[in-house]
Amino acid sequence: MYINFWYPVARSEDVTHEAPYRTRILCLDFVAFRDASGQPHVLSDTCVHRGGALGHGKIRGDCVECPYHGWQFNSAGQCTLIPSLGGDEKPPPRAKVDAYPVQERYGIVFAFLGDLPEDERPPLYDIPEYDAEDWRANKLVVFDVDYYYERSVENGLDAAHNEFVHPKQGAPGMVQDFRNKPIPVEDMTAWGSKFIIPFIQIKEEEGLMADKMVREPEHLQGGSGHLGPNTLITWLKFTKENMFHQYFFEAPIDENRTRIFFVNMRHFLMDPAMDQQIVDVNMEIAQEDIDILKVLNPVRTPETLTKEILVPADKPIVRYRELLKDWEKRGWRIDLKALREQRGDVAFAIPSPARRTSKNWVVDPVPLV
């Protein structure tokens, strides 16, 4: 798991001014809330007084209030009220929690979980067609899976599994040339890679809503890419006009669970009445992956390539792992072993950008490799 990337925190509708929203990402707890003007905010969940969970508290004006002793923290993470102090006493400067940069897009509240200054941060993935009139976005789907997020992203980058796992998708297989040649992978930014290849429909009669679609073999293309460690993109092109673009913003809950925020865009079947049918089919396809991934052994991605036998078709996965190693060398990888050993004795937080400019933090930064 890595700091210094954008992570989905919650659906927009779940972050309100009525009550805090508590969630776990990267093995740590966070609280999200809206201030009186409706702006979303995300803070580390641990009160620096006696360890209360802010997410179990209340919203007071523009602040979240700890349920234990009523300390209030604003959107910058600074404590603004300590009820047990006298009326003229201000909270000490050290009474603060980490607050994270936030963006709200695609019906999702995202937080940048890291301490990089704004001009150095990897970007949040931009869906260029999201507001285009000739594309339709299905309602956001959020679901949890019982496996490690890297396994999920690698599965999306794996073109060779489709014909064996996905009869609901028409069992798309790679064109013969790519069985013996490396898939042509290219870096789409400094933070991710992608590939696009032609594919074949092995069992078209069982394909995705085959009775409603026309496939032109010369245009059948598919591909995947990733931005950062946790954003997966899939492109499916059936004709010049008929296309799916799918975006999976993944939040590692812990080492064994992942929450996936799924945005599905389509360039055909534009009738809103088709929305639920497409969601149902997509989730049937997702379940085919889930059934495979939840029983992988080992649960987490091996530390070295020597613990698996990889072949040319695995080149997108190899590139993903190379980038993960690069981010580890930058000091961004969470030391999960140290976190496990100290959890319960020490409270940890993902370091926020404010730690670059101010000192004297109560909660320790999460241990990093």
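Of note:
- Long-range HN-HN contacts of ALA349 with modeled amide H, under 5 Å: ASP364, VAL366
- Taking each residue as 0.36 nm, the span from ASP364 to VAL299 lengthens on full extension beyond its C-alpha to C-alpha distance by 20.6 nm.
- Once C-alpha pairs closer than 8 Å and six or more residues apart are averaged by separation and normalised to the residue number of the chain, the relative contact order reads 19 percent.
- Charge sum, other residues only, whose C-beta stays under 10 Å from LEU140's C-beta, Lys/Arg counted +1 and Asp/Glu -1: +1
- Charge dipole magnitude, Cβ of K and R +1, D and E -1 - the chain, Cα centre, debye nearest 20: 1100 debye
- Placing +1 on the Cβ of every Lys and Arg and -1 on the Cβ of every Asp and Glu, with nothing else charged, gives the range 25-111 a dipole about its Cα centre of roughly 40 debye.
- Taking label points 7 Å from Cα along the Cα-to-Cβ direction, GLU308 and THR357 give a separation of 4.1 nm.
- Element breakdown for the chain at a 1.4 angstrom probe: carbon and sulfur atoms account for 49% of the accessible area.
- By average C-beta atoms within 10 angstrom, highest first, the peptides 142-150, 120-128: 142-150, 120-128
- Solvent-accessible surface of the range 270-369, taken per residue with a 1.4 Å probe and all protein chains present: 58 Å².
- Anchor LYS90: aspartates and glutamates whose Cα lies under 17 Å away (excluding residues fewer than 8 positions away in-chain): GLU65
- Every Cα-Cα pair in the range 23-166 was counted, and those over 18 Å apart are 68% of them.
- Comparing ARG60, ARG50, ARG259 in a Gaussian network model of the chain (Cα springs below 10 Å), the most mobile by mean-square fluctuation is ARG50.
- Taking the chain as a whole, the Cys residues whose C-beta sits 4.7 Å or farther from every other Cys C-beta are CYS27, CYS63, CYS79.
- Total formal charge among the other residues, if their Cβ is under 15 angstrom from that of SER84, Lys/Arg +1 and Asp/Glu -1: -1
- 3J(HN,Hα) from dihedral phi, the range 363-369, Karplus parametrisation 6.51/-1.76/1.60, rounded to Hz, x for glycine, proline: 7, 5, x, 4, x, 10, 5
- Of the labelled figures (1) 27, 60, 13, 0; (2) 29, 55, 13, 3, 0; (3) 27, 53, 18, 2, only one reflects P(r) over Cα pairs in 20 Å bins from 0, in percent as derived from the coordinates, namely (3).
- Hits among aspartates and glutamates - C-alpha to C-alpha of LYS58 under 17 Å, sequence gap 8 or more where chains match: ASP14, GLU18, ASP29, ASP35, ASP45
- The chain, helix-only ellipticity at 222 nm - DSSP H runs n ≥ 4, -39,500 (n - 2.57), divided by all residues, nearest 500: -4500 deg cm²/dmol
- Most mobile listed residue (ARG330, ARG151, ARG300) in the chain, GNM with C-alpha springs under 10 Å: ARG330
The values are calculated or read from the model by the stated rules, or taken from the named source; none is laboratory data. Note that the coordinates shown come from a computational prediction; the quantities given were computed from them, not determined experimentally. Positions of Cβ are generated from backbone atoms using ideal geometry, with glycine treated the same way; all protein chains shown enter the neighbour counts. Just the protein is used for accessible areas: all its heavy atoms, side chains included, with ligands, DNA and RNA removed. Shrake-Rupley method; radii C 1.70, N 1.55, O 1.52, S 1.80 Å.
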